[in-house]
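The values are calculated or read from the model by the stated rules, or taken from the named source; none is laboratory data. None of the values given here were measured: they were computed from a predicted structure. Note: ideal-geometry Cβ built from the backbone for every residue, glycine included; neighbour counts use all protein chains shown.
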Amino acid sequence: MILHPSPSELAETLEPVLEKSTRGRGRRAHERRERVGARPAVKPEAPDDEEGSSDRHVPVLYEEVLAGLAPHAGGLYVDGTAGRGGHAEGVLTRSAPDGRLLALDADPVAVEAVRERLAPFGDRATVLHANFRDLTTATRAHGWTAVDGILLDLGLSSPQLALPERGFSFHTDGPLDMRFDTTGPVMAADLVASLSEDELSALFYMYGEEPRSRRIAHAIVVAREHGALTTTVQLAALVEKAIGRRGATHPATRIFQALRIKVNAELDVLEATLPQAAALLRPGGRLAVIAFHSLEDRLVKRFLQGEMATCVCPISQPVCTCAQHPTLRAVSRGATMAGDDEVSRNRRSRSARLRVAERL
Ligand SMILES: C[S@@+](CC[C@H](N)C(=O)[O-])C[C@H]1O[C@@H](n2cnc3c(N)ncnc32)[C@H](O)[C@@H]1O
């Protein structure tokens, strides 16, 4: 029996596949699955784009994050995804009177909002416009070489989703942008205009886990011959026309997720950041990560498992010779998810998975 990789597994190698989009194992598996009409093996989490939008951001798993990070007086904390500052404010409050927080966000608008929100904490809070990919550089520049806690609350905030001009939502028309960092070089419209049909198809399949990716990619390539696709509603309507509508979820949801992941290099950035975060923690320091879809959660889970492993010898080897030293331990078993109560108050929370680990 031949076992084909799931879209999530393929996504880990998406960059090379996109570069060589007409060959390779991922491509062939993808084509085979499309021919037989099979669905991806991994059911995608409901992406943020499906949510109703609000210009207020309610932090998800708030108490669970704070319990996980366990902020204390005198502690040094990094919030890599400051958003609207909800979690950040909680960390500062619970690390009073002298705990300090460095808050980063790639989005200049978020940075301004968080600066304002955290102003009452004075010099205990510093807010920087930075990608968390630059975690080590940013903390060193701040004079910190080891910290007590790091939070990554991945994805986008409700205000980002609510603003049509950011291009994250297809509920209101806006430019196909989708950049967290509005100073960044590549927008979703650039990908839609420039990727080949094969590349678009691979992107939608792997980052959107969309089984009808080829049909959608073909429709885009045909449509763009008649004029540029530049707006969110234009793209959403095209996707709906290409594959029809079944069920409550808009068929463009997965396509928007895929484009957003690619525009912001979300999985690459996360992969590059997790080892930096682990290395930056002092013994007893905690790392908390909230993921919103299975691709990023799988990446976090695998990273943590690797750091917690006590042996990395091949399974066929009867005696351990690796002398592996784990660097992290799990604070809670598996992923923590929002309860029914939180989900009923904040629909965004239903896809959230929090994992917390402590530096040994
Ligand atoms: C879910 S929101 C965080 C909400 C925040 N925890 C709160 O309580 O308000 C995610 C934020 O992370 C930011 N972000 C996403 N990827 C980033 C990255 N690689 N570097 C820095 N910020 C990032 C987004 O711009 C967004 O503001």
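Pull up segment 279-330, narrow it to residues that are in a loop (DSSP other than H, G, I, E, B) and within 16 Å of the ligand (Cβ to nearest atom), then point me to the one that is surrounded by the fewest Cβ atoms within 10 Å (Cβ to Cβ). Selected residue: Phe292. Across segment 111-158, the number of residues qualifying as β-branched (Val, Ile, Thr) and either outside the structural domain of Arg347 (by TED's automatic domain parsing) or touching a Phe, Trp or Tyr at 6+ places or on another chain (Cβ under 8 Å) (or both) comes to 2.
Could you tell me which residue of segment 130-159 is nearest to the ligand (Cβ to nearest atom), considering only residues that are of a type in the set (Ser, Thr, Tyr) and surrounded by 19 or more Cβ atoms within 10 Å (Cβ to Cβ)? Per the stated criteria, the residue is Ser157. When Thr182 is tested against the conditions (1) over 21 Å from Ala265 (Cα atoms); (2) exposed (fewer than 15 other Cβ atoms within 10 Å of the Cβ); (3) of a type in the set (Ser, Thr, Tyr), the lone failure is (1).
Yes or no, residue by residue, for (1) free of Cβ contacts under 8 Å to residues at least 24 places away in the same chain; (2) of a type in the set (Asp, Glu); (3) under 22 Å from Ala288 (Cα atoms):
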| residue | (1), (2), (3) |
| --- | --- |
| Leu101 | no, no, yes |
| Pro120 | yes, no, no |
| His129 | no, no, yes |
| Leu151 | no, no, yes |
| Leu161 | no, no, no |
| Leu200 | yes, no, no |
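Scanning segment 338-360 for residues that are part of a helix (DSSP H, G or I) and in contact with a strand residue (DSSP E or B) (Cβ under 7 Å, 6 or more places away or on another chain) gives no hits. Here's a check for you: in segment 100-110, which residue that is more than 8 Å from the ligand (Cβ to nearest atom) and buried (at least 22 other Cβ atoms within 10 Å of the Cβ) is nearest to Ala162 (Cα to Cα)? Taking the candidates together, the pick is Ala103.
Restricting His87, His57 to residues that are within 12 Å of the ligand (Cβ to nearest atom), crowded, with 18+ Cβ neighbours inside 10 Å, not assigned by TED's automatic domain parsing to the domain that holds Ile290 and not basic (Lys, Arg) narrows the list to His57. In segment 91-101 there is no residue that is hydrophobic (A, V, I, L, M, F, W, C) and within 20 Å of the chain's Cα centre (by Cα).
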